[in-house]
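Accompanying notes for the structure given below.
The numbers here are math on the coordinates, done by the rules we state, and not lab data. Only a predicted model underlies this, so the values are computations on that prediction, with no experimental measurement involved. Because the Cβ atoms are built from the backbone with ideal geometry, glycine has one as well, and the counts that use them run over all protein chains shown.
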Amino acid sequence: MKANFLQFALAANLLITSPLLLSAQSWSTIGNTGTNASTNFLGTKDNKAFSLRTNNIERMRVTSTGSFGFGTSVPHGKVNIDNGNILSLTASGYFVIGNVSSFNIGFDNTQMQARINQKAASLYLNYLGGTTFIGSSTKSSTGMVANGTQYGLSGYGATGVNGVSQTSNGFGVAGSGYYGMYGYSSTDYGYGVYGHGAATSAYGVEGYSVYSIGVYGATGTSSSYAGFFVGDVYTTGSYQSSDEKLKQNIQDFPSAMNIINQLHPKQYQYRQDGDFKQMNLPQGEHYGLIAQDVEKVLPALVKNSKFDVMKSAAHTIAANSNDSNSTTTSIMTKTGETVDFKALNYTELIPIIIKGMQEQQQTIQALQNKNDQLQAQVNQLQQMITGNTSTAKANTNFSSAYLLQNAPNPFNQNTTVSCYVPSSVKQAQIVVYNNAGQLVKTFSLNNGNNNIVISAGTLPSGQYAYSLLIDGKKADTKNMMLTK
């Protein structure tokens with residue numbers, strides 16, 4: 001009887017205390033009181049994950065190691081948000097900070113976006129300033145440092161990169177890397193890189209390299225230009241590729257004087273009206289050639305070109321979505337209109353002018369040789385008329401003999417020396433000496449006119465002297481130059 005009573009008492013006690021125990025371990029849906037954060041919690045006490053659901057679908061999971069997953073049961077990293085909407089001005093994306101009807105920032109798995117009530121707003125990584133690092137860097141004195149294995153910073157769009165300096169000695173954009181700065185624009189009226197110097201001594205674009213090329217420009221088509229400058233261009237030095245190994249089908253061209261005689265130099269002024277004013281053509285009197293005239297004679301030196309007409313447009317350079325007084329500047333934007341014109345390669349006219357001068361010099365030298373011959377004949381006739389005095393007889397051989405300047409001079413293959421030997425001379429020679437005074441060639445002469453061809457052969461480049469010897473005595477000496 002006593003045992004049955006004890007069993008009944010124990011059962012009754014369990015019935016009375018069970019609801020209290022169950023109540024102590026539950027959380028009320030209308031709130032709880034008297035909780036202790038150190039002892040009261042939602043979650044697990046074993047090595048199991050904890051999840052939250054709505055509509056019987058898991059919405060969040062906390063793993064046993066403390067990683068949070070939203071939209072994923074296998075979070076990667078401490079917090080992993082997955083399976084959200086693609087971000088737009090109207091779509092929230094994966095993650096939103098702020099009020100979507102006011103200022104807010106949205107994220108998805110590819111981008112982040114600053115918005116104000118479904119409109120684009122400025123995105124500040126640090127509104128108060130300081131350095132923002134993209135990639136790895138140890139620098140800390142610039143607003144943003146972007147390091148990459150190939151591009152430090154790449155800009156894309158109508159204006160690829162727009163930089164503004166607030167100090168007199170600052171840089172709008174400063175780049176360092178494989179490309180110091182690389183700009184790309186895929187639109188017909190865009191700029192890969194745009195530089196604007198608004199102050200008197202400001203540079204639009206400055207390029208500097210310690211060991212290589214300061215500014216490099218290239219074009220993918222021969223109808224365009226690697227660089228187009230509106231206005232004067234100044235340089236302290238200018239070089240063009242001219243190495244023989246870069247060229248093929250090399251040959252002399254004849255009759256440069258014929259080409260030069262077909263050119264018509266003009267005096268003129270450049271137009272300054274209408275769209276031509278934007279080309280910033282030089283003012284005042286100028287001298288040159290008309291491209292259309294040159295094209296008839298040397299078409300390869302004329303190129304069809306165009307100038308894109310520009311218009312001034314306001315451009316925001318330091319916009320602040322919280323400030324109605326945004327900073328703007330005026331930049332030039334293409335209108336789609338063009339000025340078609342012909343450009344002339346004046347540089348390649350220089351070899352033609354040099355060739356013409358050489359041809360002219362050969363003509364002058366030939367006339368000089370002919371004049372010397374005629375003068376020698378006149379001198380000889382004068383001696384015959386005035387009589388054969390003893391003094392004249394003694395000097396007849398020397399006074400009537402003559403030696404002309406070689407032609408061409410300088411020469412690189414063959415040159416011709418003309419001379420005259422009187423009939424009374426028993427022996428005459430042309431002897432050639434190098435710059436050290438060493439005899440290198442000897443030619444025997446006949447009485448009368450002689451034309452001696454001197455071949456460069458194995459002679460080294462340099463200056464040489466050649467003399468006319470009459471019966472063992474030097475009658476005259478001249479110099480010539482060999483170039484190879």
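Numbers for the structure displayed
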quantity: Loop trypsin sites (Lys or Arg not before Pro), segment 266-302, which have at most 13 other Cβ atoms in a 10 Å radius of their Cβ (DSSP); calculated: Arg271
quantity: Peptides 203-211, 301-309, 341-349 ordered by average Cβ neighbours within 10 Å, highest first; calculated: 301-309, 341-349, 203-211
quantity: When each of Lys441/Lys484; Lys245/Lys441; Lys245/Lys266; Lys355/Lys478 is checked by Cα-Cα distance, pairs over 27 Å; calculated: Lys245/Lys441; Lys245/Lys266
quantity: Potential lengthening between Ile97 and Ala198 on full extension [0.36 nm per residue; Cα-Cα distance subtracted]; calculated: 32.5 nm
quantity: Linear extension gain, Lys484 paired with Ile350, 0.36 nm per residue minus alpha-carbon span; calculated: 46.1 nm
quantity: Computed FRET value (nearest 0.05) for Phe171 with Glu244, which takes r as the C-beta separation and R₀ as 60 Å; calculated: 0.90
quantity: FRET efficiency estimate (nearest 0.05) - Cβ-Cβ, Asn83 to Lys48, R0 25 angstrom; calculated: 0.60
quantity: R0 of 25 Å, Cβ-Cβ distance Asn447-Gln362: FRET efficiency to nearest 0.05; calculated: 0.35
quantity: Cα→Cβ-extended label distance, 7 Å offset, between Leu123 and Ser154, nm; calculated: 1.7 nm
quantity: Ordering of 97-108, 245-256, 52-63, 420-431 by packing [mean C-beta count within 10 Å, highest first]; calculated: 420-431, 97-108, 52-63, 245-256
quantity: Ranked list, fewest to most other Cβ atoms within 10 Å of each Cβ, for Phe41, Phe443; calculated: Phe41, Phe443
quantity: Tensor-based shape of segment 351-482 (alpha-carbon gyration tensor, a/c under 1.5 rounded, otherwise prolate or oblate); calculated: oblate
quantity: Sequence of His76, His196 once ranked by neighbouring C-beta atoms within 10 Å, starting from the fewest; calculated: His76, His196
